[in-house]
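The values are calculated or read from the model by the stated rules, or taken from the named source; none is laboratory data. It should be emphasised that the depicted structure is a prediction, and the values quoted were computed from it without experimental measurement. With ideal geometry, Cβ positions are generated from the backbone for all residues, glycine too; neighbour counts draw on all protein chains shown. Keep in mind that these areas ignore ligands, DNA and RNA; they rest on the heavy atoms of the full protein, side chains included. Shrake-Rupley method; radii C 1.70, N 1.55, O 1.52, S 1.80 Å.
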Amino acid sequence: MAIYTCENPPPAGRYGPLRIYKSKGRTIACMANPLSGERVKHAPEFANTRKHAELLAIASPLAAAAYSTLPDGRKRTHYQQLAGKAIHWLKADKNVAEVQILLQHAAAAIAKTFEEQQIPRLIASEKAGGNLLFSLPAQRSIGSRKHRTGANRRTRKAAASLEGAGFVKREKILIKYIALIIFFGNISSALCFPNKSALTPCVVTSSNLFPGLPAIS
């Protein structure tokens, strides 16, 4: 870059490889940039640039629509993430409808992460302001946890022992009852059949032997 200090510098314009322009009252000359808008639009060496520009032109409004659904406090980095995802999916031959659905899910995931990140800040702000959303009732302590656990265990053990004792008592009474029936049944059989050759029918029931007991054949 060169600055003209003469009294009559050349007017601004392009002179071969040089470009002359004015800035802050000074005439400046520099090497002309071979890059131009016409060359970017039509030159074959800028084919990839034009392709990416077309993808960005499609992805940008889609990402902006998904970005608008995010909660307050969203940042530009969230928009850039959505735009990058949209371009990636367009390169993977996804159509616009598919990209819109994928962007909705991506925006929902970003919103969830964003809300989780906001929780500590909200708690800190509430504590700093002294705001209480609700008050917890006072808890009444009845012994320690170890004491309560031991008491519950002893209660269950005592109930089980009482239940087992009652079961054993009922079994003993039933066994005695059956033994008496068999004993008196044998006596009746001996009376009915004094000789083994005599086959006089004899029916022995518990109702005959014990009038107060239910019949057992």
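Annotation note: Cβ proximity below 9 Å between a residue of segment 19-39 that is closer than 20 Å to residue 8 by Cβ and free of Cβ contacts under 8 Å to residues at least 40 places away in the same chain and a residue that is assigned to a strand (DSSP E or B) and of a type in the set (S, T, N, Q) (sequence gap 6+ or interchain) occurs for 20/27; 21/27.
Selection over segment 1-32 of residues that are open to solvent by 100 Å² or more (accessible area, probe 1.4 Å) and either touching a helix residue (DSSP H, G or I) at 6+ places or on another chain (Cβ under 6 Å) or not in a strand (DSSP E or B) (or both) gives a count of 5.
Just checking, which of 146, 112 is of a type in the set (Lys, Arg), assigned to a helix (DSSP H, G or I) and either at pLDDT 75 or above or touching a strand residue (DSSP E or B) at 6+ places or on another chain (Cβ under 6 Å) (or both)? Lay out the reasoning, then the answer.
Values: 146 fails: either at pLDDT 75 or above or touching a strand residue (DSSP E or B) at 6+ places or on another chain (Cβ under 6 Å) (or both).
Only one candidate passes the filter, namely 112.
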